[in-house]
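Comments concern the structure below.
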Amino acid sequence: MVRSSRGSCYLECGNTKVLAAVYGPRENLRSDGSAAVMEGRLSCQFSIAPFSSAVTDAEKDDRDLQKLCNDYEKAVEECMLSVVDVASFAKSTVDVSVLVLEHDGGILAHSLTAVSCALTNAGIHMHDLVIGVNAAIITQKEDDFKVIIDPRFVEECISYDCSENKDSPIKNVKVLSTVTVGFLPNVSQIACLSHSGQCPNHSLLSTAVKSCIDTCPLVYAAVQTFLKRALLNETANDV
């Protein structure tokens with residue numbers, strides 16, 4: 001996908017489009033240019049294209065895009081460090097680049113999956129894959145809560161009252177909180193958990209997390225298909 005990279009993945013889920021690429025490993029150097037004796041490192045750069053979302057100018061003013069990218073950068077980096085075998089590239093750094101081409105919800109979850117695929121495609125040793133799934137907790141009337149998986153951008157905006165927006169595709173819905181889970185399917189463990197907003201009760205939050213975990217096998221199956229095709233393409237090119 002990205003020819004200059006060691007491995008890459010282009011992921012589409014609905015209208016959300018994410019491109020992840022892996023470079024390196026490259027040798028760790030001190031500021032004077034000499035080789036540094038350090039353990040392996042993983043560095044992530046996360047960026048969102050300015051044309052990726054159809055938000056209004058007013059909404060753009062309310063969002064610190066750079067802070068959002070920094071937060072996602074840290075989340076992706078910490079999550080991948082829990083599964084990447086950094087000892088396999090001691091004294092070196094693997095660089096990961098994530099570019100959100102189109103944002104229609106779930107960019108952190110989809111980025112986790114895309115980066116996991118790109119690292120695998122690059123031949124970086126990992127203890128497990130990371131499958132990202134997100135959910136939104138919504139309400140249409142008092143004490144009537146629902147959990148929706150893989151919400152669209154307008155469905156995951158915190159405290160976004162769609163009844164006030166005549167052009168909104170969903171009516172009379174208020175989003176209370178969103179949840180993103182990075183799940184390790186082979187060991188059945190959570191590697192990343194991100195929650196935004198205010199959840200009415202703990203049991204509802206647990207339901208949202210469980211719904212994300214229950215959806216992971218469907219995403220995992222698609223990831224396995226992608227990796228098998230990528231391997232077959234590489235084998236065919238080597239022949």
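Points worth noting:
- Greater than 24 Å apart at Cα, pairs in 17/67; 67/146; 17/74: 67/146
- Rolling a 1.4 Å probe over the protein heavy atoms gives segment 58-124 an accessible area of 40 Å² per residue.
- Charged neighbours of residue 11, selected by a Cβ distance under 14 Å, balance to -2 (K, R count +1; D, E count -1).
- q = 0.18 Å⁻¹, segment 103-160: log10 I(q)/I(0) [Debye, one scatterer per Cα]: -0.68
- Of the Cα atoms belonging to segment 174-239, the radius of gyration and Dmax stand at 17.0, 58 Å.
- Overall, the accessible surface of segment 45-147 at a probe of 1.4 angstrom is composed of carbon and sulfur to the extent of 49 percent.
- Percent carbon-and-sulfur accessible area, segment 185-239, ignoring ligands, DNA and RNA, probe 1.4 Å: 55
- By average C-beta atoms within 10 angstrom, highest first, the peptides 136-145, 109-118, 19-28: 109-118, 19-28, 136-145
- By accessible area with a 1.4 Å probe, ligands and nucleic acids excluded, highest first: order of 51, 226: 51, 226
The values are calculated or read from the model by the stated rules, or taken from the named source; none is laboratory data. All of these numbers come straight from a predicted model, not from anything done at the bench. As a convention, Cβ positions derive from the backbone with ideal geometry for all residues, glycine included, and neighbour counts pool all protein chains shown. Quick note on the areas: whole protein, heavy atoms, side chains included, nothing else; ligands and nucleic acids left out. Shrake-Rupley method; radii C 1.70, N 1.55, O 1.52, S 1.80 Å.
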